[in-house]
Amino acid sequence: MTENEKKEKFNTDEFFIEKIQYSEIDEVANILTDAFKTNPAYSIIFRKKEHLEDGLLWLFKTNLFMINQKQFFTNVVKKKNTGKIIGTYTLIPPQGTKNTFSTYSKIGLPRFILKFGINSLIRMLSLDRYNKKLLTGSMKISGYYYLSMVVVGKEYQGKGVGTYAIKHAIRELMSSNPACNLVGLTTQLPENVIFYSRLGFEKLDEGYVNFKGDEYYNCNMRKKKTD
């Protein structure tokens with residue numbers, strides 16, 4: 001066993017993974033906000049720097065609520081001794097998630113528009129669709145699981161927690177849906193490409209993409225869950 005393998009085994013024995021609970025949405029949204037506030041793509045949504053953190057917090061709370069409304073697709077990584085949430089990831093199935101207009105009314109959409117403006121709302125909805133469209137084009141197939149909102153708390157990074165979480169996600173898919181064997185993701189941070197490559201994800205394409213006149217780095221990746 002290599003030193004890295006020993007390190008990973010030591011750490012993963014201290015953690016467990018389970019489905020998110022509604023009572024944990026605020027906590028997970030805060031973890032996501034802290035991690036993604038340096039992601040350059042999100043500065044496109046919130047032009048004013050003073051709006052970025054509050055806007056992202058609203059965005060992640062909304063996403064977590066909508067994605068997990070009918071079935072839980074978000075998982076959280078917790079410490080066994082304390083139950084503290086130290087990481088999270090979401091696996092959206094090929095059929096996606098469907099929401100009605102009433103769902104948007106529940107999440108306080110008018111308050112978002114009043115605080116951040118209608119243009120921020122338009123950019124938020126458009127950017128998500130744009131990234132997913134780029135990924136689907138690279139995958140050349142629509143029947144894949146979409147891995148998103150992957151985060152490990154800063155103090156637990158580099159300790160094997162992220163590797164543990166992604167391997168758990170792939171194993172979960174192998175047992176729950178053997179008919180679908182593809183997982184896709186997008187990332188706007190080059191250092192993440194190295195991490196996912198080590199876990200067997202294949203880089204499909206990368207480079208700077210143009211979204212409504214703004215450019216940011218984007219990489220599309222995929223993995224066959226049977227690898």
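Using a cut-off of 24 Å between Cα atoms, the listed pairs 48/70; 133/212; 203/224; 19/84; 70/203 include 48/70; 70/203 as exceeding that distance. Taking 16 Å as the straight-line reach from the Cα of residue 61, the aspartates and glutamates in range (excluding those fewer than 8 positions away in the same chain) are 24, 26, 27, 34, 53, 128.
Where the only charges are on Cβ atoms (+1 Lys, Arg; -1 Asp, Glu), what is the dipole of the range 159-210 about its Cα centre, to the nearest 20 debye? All intermediate terms of the calculation are to be shown ahead of the outcome.
Numbers: 5 positive and 5 negative charges, 56 e Å.
Magnitude of the dipole: close to 260 debye.
Shown here: the range 170-224, whose C-alpha atoms stretch 42, 23, 14 Å along the first, second and third principal axes, sorted largest to smallest.
Ratio of Rg to Rh for the range 20-110: 0.98 [Cα atoms; Kirkwood radius as inverse mean 1/r over pairs].
Can you give me the % of accessible surface on the chain that is carbon or sulfur? Probe 1.4 Å, all protein chains present, nothing else counted.
The computed percentage sits at 52.
In this structure the amide hydrogen of residue 15, modeled in the peptide plane, comes within under 5 Å of the amide hydrogens of 80, none closer than 5 places in sequence on its chain. Cα-based values for the range 119-227, radius of gyration first and Dmax second, are 14.7, 43 Å. Shown for the chain is the translational diffusion coefficient from the Stokes-Einstein equation, using the Kirkwood radius over Cα pairs, a temperature of 20 °C and a viscosity of 1.002 mPa s: 116 µm²/s. Helix 118-139 axis versus longest C-alpha principal axis of the chain: approximately 40°, rounded to the nearest ten.
Tell me, what is the per residue accessible area of the chain in Å², probe radius 1.4 Å? Walk me through the numbers on the way to the answer.
Numbers: 12170 Å² over 227 residues.
For the chain, the solvent-accessible area averages 54 Å² per residue.
The values are calculated or read from the model by the stated rules, or taken from the named source; none is laboratory data. The structure displayed is predicted, hence computed values, not measured ones. Quick reminder, even Gly has a Cβ in these numbers, built from the backbone with ideal geometry, and neighbours come from all protein chains shown. Remember, those area values only see protein heavy atoms, side chains included, never the ligands or the DNA or RNA. Shrake-Rupley method; radii C 1.70, N 1.55, O 1.52, S 1.80 Å.
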